[in-house]
1. How large is ³J(HN,Hα), in whole Hz, for each residue of the range 144-154 in order, when computed from phi with the Karplus curve 6.51 cos²θ - 1.76 cosθ + 1.60 and θ = phi - 60°, using x for Gly and Pro?
2. With every protein chain kept in place and ligands, DNA and RNA left out, what is the accessible area per residue of the range 60-165? Probe 1.4 Å, answer in Å².
3. Please list PHE114, PHE146 in order of solvent-accessible area, largest first, computed with a 1.4 Å probe with all protein chains present.
4. For the range 74-165, calculate the relative contact order in percent as a whole number, restricting contacts to Cα pairs under 8 Å that are 6 or more residues apart.
5. Which order do the peptides 64-70, 136-142, 156-162 come out in when sorted by mean C-beta neighbours inside 10 angstrom, highest first?
6. Spin-label point model (7 Å from Cα, Cβ direction): what's the GLN108 to SER161 distance in nm?
7. Starting from the amide H of SER117, placed 1.01 Å from N in the peptide plane, find each other amide H under 5 Å away whose residue is 5 or more places distant or on another chain.
8. Counting only protein heavy atoms, what percent of the accessible surface of the range 65-165 is carbon or sulfur at a 1.4 Å probe?
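The values are calculated or read from the model by the stated rules, or taken from the named source; none is laboratory data. These numbers were taken from a predicted model, which means no experiment stands behind them. Virtual Cβ from ideal backbone geometry, glycine too; neighbours counted across all protein chains shown. Calculation scope for accessible area: heavy atoms of the full protein, side chains included, ligands and nucleic acids excluded. Shrake-Rupley method; radii C 1.70, N 1.55, O 1.52, S 1.80 Å.
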Amino acid sequence: MQQTVFKRLRNASLAIATIATFSSCGSTATTESVAAETSAAQDTLLTQTLPPTTESPVTAPVTTPAPAPTPAPTPAPTPPPTPAPAPQQALMPEVVCMNLQQAQDYIQTFGVFFSRSEDATGRGRMQVLDSNWQVVGQYPAPGTPFGEGDAVLSVVKYGESPNPC
């Protein structure tokens, strides 16, 4: 509480000094008269803001010895973790003669979400609009187990060769 009073006192003193300085700007008041007014205002503020102290004196806290720690129960040994089952691989479906988008969607129904495609003409073209391309070959062969990234679909644009469909 004393710190709060002193902070208020300091802030009030600064405010009074600032007001006194600005009010003396351009006037004939001397520095001594401004200092006297500030000092008088501080004295008045001190008598108004400091309440009589009725607090009891601070006493040291009484400490009692802590009880002796009880030994922690020994935890039961934990069994070793069981290894996670290996993910089952899906069997590659037959997707030759489908358009590339349909083939990718069909492969995803088997739980494999990453398949690749390549231009079967050898020109290295990117398959931007998958529904404009037809699957003419696939790896792995239908019925073979496969996982993420294993499926490679060879494609041509509709009307191009080689096209066994």
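1. For the range 144-154, the Karplus-derived couplings read 8, x, 8, x, 4, x, 7, 6, 10, 10, 8 Hz, x marking Gly and Pro.
2. 70 Å²
3. Largest to smallest exposure gives the sequence PHE114, PHE146.
4. It rounds to 34 percent for the range 74-165.
5. Top to bottom by mean Cβ count within 10 Å: 136-142, 156-162, 64-70.
6. It works out to 3.4 nm between the two label points.
7. Those lying under 5 Å, H to H, from SER117 are LEU153.
8. About 61 percent, which is the carbon plus sulfur part of the accessible surface.
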